[in-house]
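Comments concern the structure below.
The values are calculated or read from the model by the stated rules, or taken from the named source; none is laboratory data. Note that the structure is predicted; figures quoted are calculated from it, not measured. Glycine gets a Cβ as well: all are built from the backbone with ideal geometry, and neighbour counts include every protein chain shown.
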Amino acid sequence: MPTAVDYGDRIPNNVGLSEDRRLQRALESWQPKFIDWWRDLGPVAFKDNEVFLRTAVSVGQDGWANYDFVRLPEYRWGIFLAEPDADRTIAFGEHMGKPAWQDVPGEYRPDLRNLIVIQGDTEPASVEQQRHLGVTSPSLYDLRSLFQVNVEEGRHLWAMVYLLHAHFGREGRDEADGLLERHAGSIDRPRILETFNTDTSDWLSMFMFAYFTDRDGKFQLSALRESAFDPLSRTASFMLREEAYHMSVGSTGVERIVQRTAELMRTHDTDDIRPNGGIDLATIQKFLNLYASISFDLFGGDRSTNAANYYTAGLKGRFREETRDDDHQLTDATITMDEPRDGELAEVEVPMLVALNRVLQDDYVDDCAKGVRRWNKILASHGVDVELRLPHRGFNREVGVFAGHHISPDGELMTEDDWTARAKDWLPTTDDRDYVNSLMVGVHELGKMAGWIAPPRVGVAGKPIDFEYVRL
Ligand SMILES: [Fe+2]
Ligand SMILES: [Fe+2]
């Protein structure tokens, strides 16, 4: 039986909050801080307009997405965990085969808390990064998409805060406060991961972010869904359903830009479509390079004893751990990976346990490639013989074995001088950003769409594309 979400409570939840008065009081004292944070650092525009949003009403297969008009500050953020499986056992590591944990074992407390805080920190960060985008949305349809992603990231924050409050005592409550005290781009208290301190100031960046950076979220959450700590596993499961939508906003957003670009290239028979108000392919490729590379950084060190320890302890697994045909201990397994050695990229064999961040990143790269193939099909169908490409994993990296090296999008190791001379061809320049920003003029009239992006193929929840998704 799907569990209904109790909307009678101040904090909608399916975790029986009203039966745990201490926890309820603790979360109710955090709630006003969250609301203040949303007001101060959430979306700057359309704060009081009604938006056609989905809200979870139960966590069963279908009941979790209920569409209605709601004003953003009145969105019912709450705590939803996927249905429990009473017989769930641990699928990997040294506790494999034993029942999943309902409480945090003392010895793993610091590590689990860290994992939850790092994940939790990204959720409000992206809302902060995207806060100005409503002003320049290319249509009401896109404005709605932005707000849907934003409110769900808000709930992902709630999900992590619930775990911290329910299972980590005083320290957990302090960490929950910290999630609202660090801010994207703040000099004094920045977000933990550098990728979440950049500003998503235009919609090309927004769609690339949703495609590449939210997809990192999918892979981190998939690894946490395997966790022996069952409440974390169930929380991650529920978040993943929403993450799928965020990635589709990115994937279809880039697709629509590519579509419009290809149409303009064909109509005007030129690659240089800036005079026609389009985003040229070279610029799209540069933004793709940027967002892919800063998202590769989110996987952490390519060699990591932390990753090995998390796996052995059962805290964080691999993507789709259970479908893998091995011993789920990995004590003897190895993988080959490329890394810079003596001035070139060399294939080295490393124990899989210490390379688990790279293993997760491998699955991520495969997943990223699918969208790029779809975008290229659109180009091909318009007779455009240029393809978009994922950059080499070592390109533009700040974290891991490639950091400090200069590697081209094709995977060529270069000198610093060569790199400096070429970087403007590979990453957005000030001029590129100025051009993209010049296109960012909000289009908020019913049924209208900005000229640099094609309309979506379908509307939301059976509504037409020109539906009034945000009531002005
Ligand atoms: Fe999220
Ligand atoms: Fe997301």
statement: Checked pairs for region 372-388, first over 17 Å from Tyr211 (Cβ atoms), second part of a loop (DSSP other than H, G, I, E, B) and at pLDDT 95 or above, C-beta under 8 Å and 6 or more apart or across chains, list as Val386/Asp271
query: If you go through region 294-305 one residue at a time, do you hit one that is crowded, with 23+ Cβ neighbours inside 10 Å and farther than 23 Å from Val117 by Cβ?
result: no
message: Name the single residue that is surrounded by the most Cβ atoms within 10 Å (Cβ to Cβ) among those in region 169-222 being small (Gly, Ala, Ser), over 18 Å from Asp36 (Cβ atoms) and within 16 Å of ligand 2 (Cβ to nearest atom).
response: Ala210
query: Can you name the residue in region 223-263 that is among the aromatic types (Phe, Trp, Tyr) and within 16 Å of ligand 1 (Cβ to nearest atom) and is also surrounded by the fewest Cβ atoms within 10 Å (Cβ to Cβ) among such residues?
result: Tyr245
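Condition check ((1) basic (Lys, Arg); (2) closer than 26 Å to Asp68 by Cβ; (3) in contact (Cβ under 8 Å) with a residue 24 or more places away in the chain; (4) more than 12 Å from ligand 1 (Cβ to nearest atom)) across all residues:
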position: Leu112; (1), (2), (3), (4): no, no, yes, yes
position: Ile116; (1), (2), (3), (4): no, no, yes, yes
position: Gln119; (1), (2), (3), (4): no, no, yes, no
position: Pro124; (1), (2), (3), (4): no, yes, yes, no
position: Leu143; (1), (2), (3), (4): no, yes, yes, yes
position: Asn150; (1), (2), (3), (4): no, yes, yes, no
position: Glu153; (1), (2), (3), (4): no, yes, yes, no
- request: Among what's in region 105-148 and is of a type in the set (Val, Ile, Thr) and surrounded by 24 or more Cβ atoms within 10 Å (Cβ to Cβ), pick the residue that is nearest to Leu193 (Cα to Cα).
  value: Thr122
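Any residue in region 161-172 that is in contact with an Asp or Glu (Cβ under 6 Å, 6 or more places away or on another chain) and more than 12 Å from ligand 1 (Cβ to nearest atom)?
Taking region 161-172 first, the residues in contact with an Asp or Glu (Cβ under 6 Å, 6 or more places away or on another chain) are 164.
From the residues that got through so far, the ones that are more than 12 Å from ligand 1 (Cβ to nearest atom) too are 164.
Yes; the residues of region 161-172 include at least one that is in contact with an Asp or Glu (Cβ under 6 Å, 6 or more places away or on another chain) and more than 12 Å from ligand 1 (Cβ to nearest atom).
Looking at Arg76, is it charged (D, E, K, R), within 16 Å of ligand 2 (Cβ to nearest atom) and in a loop (DSSP other than H, G, I, E, B)?
no
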message: Being out of contact with any Phe, Trp or Tyr (no Cβ under 6 Å at 6 or more places or on another chain), within 16 Å of Ser293 (Cβ to Cβ) and surrounded by 15 or more Cβ atoms within 10 Å (Cβ to Cβ) narrows it down to one residue among Leu330, Leu390; which is it?
response: Leu390
field: Conditions (1) on the phi < 0 side of the Ramachandran plot; (2) more than 12 Å from ligand 2 (Cβ to nearest atom): number failed by Arg241
entry: (2)
message: Just checking, does region 101-109 include any residue being of a type outside the set (Phe, Trp, Tyr), away from ligand 2 (no atom under 16 Å from the Cβ) and touching a Ser or Thr at 6+ places or on another chain (Cβ under 9 Å)?
response: no
message: For region 156-168, check the following and say yes or no: at least one residue is out of contact with any helix residue (DSSP H, G or I) (no Cβ under 9 Å at 6 or more places or on another chain) and free of Cβ contacts under 8 Å to residues at least 60 places away in the same chain.
response: no
